[in-house]
Amino acid sequence: FTVIGYTLTSTGLSKDHQDKDTLPEWSDYVELFMKGLKSVLIGISLFLPAALVIFATVGSVILSPALSMILGGIPVDNWDDLAAGNFSEIEMNHWLAQNWEEFIPLITNAAPFIILGVVLGFVAFYLMPAALLGWLKEDRMTAAFSIDNLKKAISLDYLVNWLIVGYLIGLVNSLLQWLPVIGAGITMYVGGIFSYMVF
């Protein structure tokens, strides 16, 4: 959280570091930690609708009477093995080959909600920079979710920048992933500052 807070402060958008050309000092760790924590809470809030849809869908499939009937086809003798993870891959493949058609109604019923959850997650991921920038600029958590602020993401410039930033950060990450721990840290810090300055 402290590193995330420092990264966000380094962009120069926060009120305590506006219009400065130098990196901020590594000081006031509590404030940096709180800034990182708030940014994570904003991200969780944005992804909450997607998570609720997906978890509710998966939960309804798991608790579905249809799934109980399908799983009821597994011989009782094998339940202990299945629970212990000792059900062999060959036996599982054989059972799935015999019963795969039973899963089709479950999958077709759940698919629209899973797709909706993925779309909501993608929208949240897309809006994240706009939300964080609005919060950094105004230093109010509510600014992250204001319609006026989020409308700024509905533009061709924002979309192009979002795609370019995502591609470049992915490229840097793939180049630095051979450095354990440090590579991810460099990508997170440099990528964070670069992306938020671009936006």
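The values are calculated or read from the model by the stated rules, or taken from the named source; none is laboratory data. What you see is a predicted model; the values in this text were computed from it and never measured. These area figures cover heavy atoms from the full protein model, side chains too; ligands, DNA and RNA do not enter into them. Shrake-Rupley method; radii C 1.70, N 1.55, O 1.52, S 1.80 Å.
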Whole-Hz Karplus couplings 3J(HN,Hα) for the stretch 114-121, θ = phi - 60° and coefficients 6.51, -1.76, 1.60, Gly and Pro as x, run 5, 4, 4, x, 5, 4, 4, x
Per-residue accessible area, 1.4 Å probe, largest first, puts F199, F33 in the order F33, F199
With every protein chain in place, the accessible area of S45 for a 1.4 Å probe, in Å² rounded to the nearest 10, comes to 60 Å²
Counting only protein heavy atoms and leaving out ligands, DNA and RNA, the solvent-accessible surface of E25 at a 1.4 Å probe, in Å² to the nearest 10, equals 140 Å²
Phi-derived 3J(HN,Hα) across the stretch 22-34 with the Karplus relation (6.51, -1.76, 1.60, θ = phi - 60°), rounded Hz, x for Gly and Pro, is 9, 5, x, 6, 7, 8, 6, 4, 5, 5, 4, 4, 5
Taking 0.36 nm per residue of separation between F33 and L116 and subtracting their Cα-Cα distance, the length gained on full extension comes to 26.5 nm
